[in-house]
Amino acid sequence: MWSNDFNQKTIGSKAAYGSEPTFNLDQVLACPACDLLIENKPVQPGEKLICPRCDEILLAPKSNSVNHSLALALTGLILFPYAVFMPIMTLDTMGIENSGTIFDGIISTWHTGYWLVAVILAMTSVAFPLIKLFLIFWISLNLKRKRIPGYLPQMMRIYVHSDEWGMLEVMMIGILVTIIKMHHTAHIHYDTGFFCFTALMLTALGSSLALDKTEFWRQIEHGRIQG
Amino acid sequence: MNSLASALTARKAGLALCHDCRKLTPLNPKEPGTPACPLCGASLHFRKPGSLNRTWALVITALILSFPANILPIMVVNFIGKSDSSTIMEGIIYFFQDGSYGIGLVILTASILVPCFKIISMILILLSIHYHWQTWMRHKALLFRIVEFIGRWSMLDIFVIALLQVLVNFTNISSIYADAAAPYFAGVVLSTMFAAITFDPRLLWDA
Ligand SMILES: [Zn+2]
Ligand SMILES: [Zn+2]
């Protein structure tokens, strides 16, 4: 049924989908959540293509995706060391002050002996967010310069898989809960790290939201065919 | 008669959707071995291999781990030589008694309601596939999307304890430490997240 010949990439199926459809592989897309084949209609930025069977969002193009993700990822990378290594806040109880960084949180968890928890903390609040920012930065920089090195598809795959393991937003809520929890018992000063962390969380979230995966893959594929 | 059965899927058309780059590639199901995606190199399958068994295993793991996670103390508070350990639920009750309803509700949602919701939903979805329940399809699809989305938020309590451990560390006066339930609780969060990753939602529609 299938020929490897590039020109013969047409699907002829009598099963369903209209009466007797014949379409090109570039003109269909499949829903990742229910496998339905759908006609690939051009969608404008701001609009969405939603699966008619299961309501999964199939396409949600972002305008100027490469530039926006590049700028936000770069900002995030600059903020990163400050957010992780600068004190988040200082607690003042009976005249004794104590401040802490995100990094201290991981180290002190390691010292309690719960190394699994410490590793998960390090991965979700430092390693994965940093990897994600670096990958977004590097991939969008290459796309902007119209260069597709051979390792770029692999990098993009790592990004797709690491997406949900960066948990800066959850840590942000954790910081807020800690503040609300402690504000009765101690006086709290906000330190540089708090503002840097907030800014980092917002830029990291922004860079993930600005990144249009479909468009990135399309550019990678296009660049490889040409190069 | 059923629009579900007649819908043309990628698999029926002999096309495999790459899980990583979403490129469609013609795949012959009779050919042995797993071919790689021409664009990104990921291995191509019509469905995630062993999805149901892996998801069941991870959901059951999460269910088993949630017992020690809730029974053992998750946090120890030392205050002037007196040490007091509390489970997740005791910590939440303490917030409510203290009048901090908002924060109590946040921790209750993240640490108890969300993990319960994830485990129950995944069991429901898995059973629905085993017994071919072909009703409420869109709702089940939505349920799985919610499970995927809320997965990471259960980590909240672990983050709060790690921060408190550093900030409330006034030698001899008061200090806070993570306790025995912490790794089990982290295990529940991890295994439910992996369950959502290994589960292939397309199996719901294959029925
Ligand atoms: Zn769908
Ligand atoms: Zn691929």
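The values are calculated or read from the model by the stated rules, or taken from the named source; none is laboratory data. Model, not experiment: these values are computed from the prediction. Every residue, glycine as well, gets a Cβ built from its backbone with ideal geometry; the counts of neighbours run over all protein chains shown. These area figures cover heavy atoms from the full protein model, side chains too; ligands, DNA and RNA do not enter into them. Shrake-Rupley method; radii C 1.70, N 1.55, O 1.52, S 1.80 Å.
Please list, in chain and number order, the residues 5+ apart from residue B:23 or on another chain whose amide H is under 5 Å from its amide H, with Hs placed from the backbone.
So residue B:23 has HN proximity to B:18.
Quick one: 3J(HN,Hα) in Hz for the range A:143-157, Karplus 6.51/-1.76/1.60 with θ = phi - 60°, rounded, Gly and Pro as x.
5, 5, 8, 6, 10, 10, x, x, 7, 4, x, 4, 4, 5, 5
Let's test the formula: R0 of 60 Å, r as the Cβ-Cβ distance of residue B:133 and residue B:80. What FRET efficiency results, to the nearest 0.05?
Numbers: r = 58 Å, r/R0 = 0.96.
The formula returns an efficiency of 0.55 here.
With θ set to phi - 60° and the Karplus curve 6.51 cos²θ - 1.76 cosθ + 1.60, what are the ³J(HN,Hα) couplings of the range B:132-147 in order, to the nearest whole Hz, using x for Gly and Pro?
So the J values, rounded to whole Hz, are 6, 6, 9, 10, 6, 4, 4, 5, 5, 4, 5, 4, 5, 4, 5, 4.
For chain A, list the cysteines whose Cβ sits under 4.7 Å from no other cysteine Cβ?
A:196
Determine the equivalent ellipsoid of chain A by diagonalising the alpha-carbon gyration tensor, then write out the semi-axes as square roots of 5 times the eigenvalues, largest first, rounded to whole Å.
Details: eigenvalues 412, 73, 50 Å².
Its equivalent ellipsoid spans semi-axes of 45, 19, 16 Å.
I need the phi-derived Karplus couplings for the range A:65-70: 6.51 cos²θ - 1.76 cosθ + 1.60, θ = phi - 60°, integer Hz, Gly and Pro marked x.
Couplings: 4, 4, 5, 5, 5, 4 Hz.
Under a 5 Å amide H to amide H cut-off, with H placed in plane at 1.01 Å, what residues pair with residue B:174 once short-range neighbours are removed?
Here B:80 satisfy the definition.
Using Cβ-Cβ distances only, list the Cys residues of chain B with no partner cysteine under 4.7 Å, sorted by number.
By the Cβ distance rule, which asks for a partner under 4.7 Å, the isolated cysteines are B:116.
Across peptide B:93-104, how many C-beta atoms of other chains are within 10 Å of each residue C-beta, on average? Please report the intermediate quantities before stating the final value.
Numbers: counts 0, 0, 2, 0, 0, 2, 1, 3, 0, 2, 6, 0.
Mean inter-chain Cβ contacts per residue within 10 Å come to 1.
Amide H to amide H under 5 Å from residue A:58: which residues, 5+ apart in sequence or cross-chain, H placed 1.01 Å off N in plane?
Sorted by chain and number, the residues that satisfy this are A:49, A:50, A:51.
Report, ordered by chain and residue number, the lysines lying within cross-link reach of residue A:41, taken as a straight Cα distance under 24 Å and ignoring same-chain residues fewer than 8 apart.
The reachable lysines, counting only those whose Cα sits under 24 Å from residue A:41, are A:9, A:14, A:62, A:213, B:12, B:23.
Buried accessible area for the A:B pair, summed, 1.4 Å probe, in Å² rounded to 100?
Working: alone 14390 and 12800 Å², together 21050 Å².
The contact between B and A buries close to 6100 Å².
Give me the inter-chain shielding for B:194-206: mean count of other chain Cβ atoms within 10 Å, whole number please. Kindly include the intermediate steps, with their values, before the conclusion.
Working: counts 0, 0, 1, 2, 0, 0, 3, 7, 8, 2, 4, 7, 2.
Per residue, the average neighbour count from other chains is 3.
Going from most exposed to least, what order do A:90, A:185 have by accessible area with a 1.4 Å probe?
Highest to lowest solvent-accessible surface, that is A:185, A:90.
Could you work out the relative contact order of chain B, using alpha carbon pairs under 8 angstrom and six or more residues apart, expressed as a whole percent?
Values: 266 pairs, mean separation 60.4, N = 207.
The value is 29 percent.
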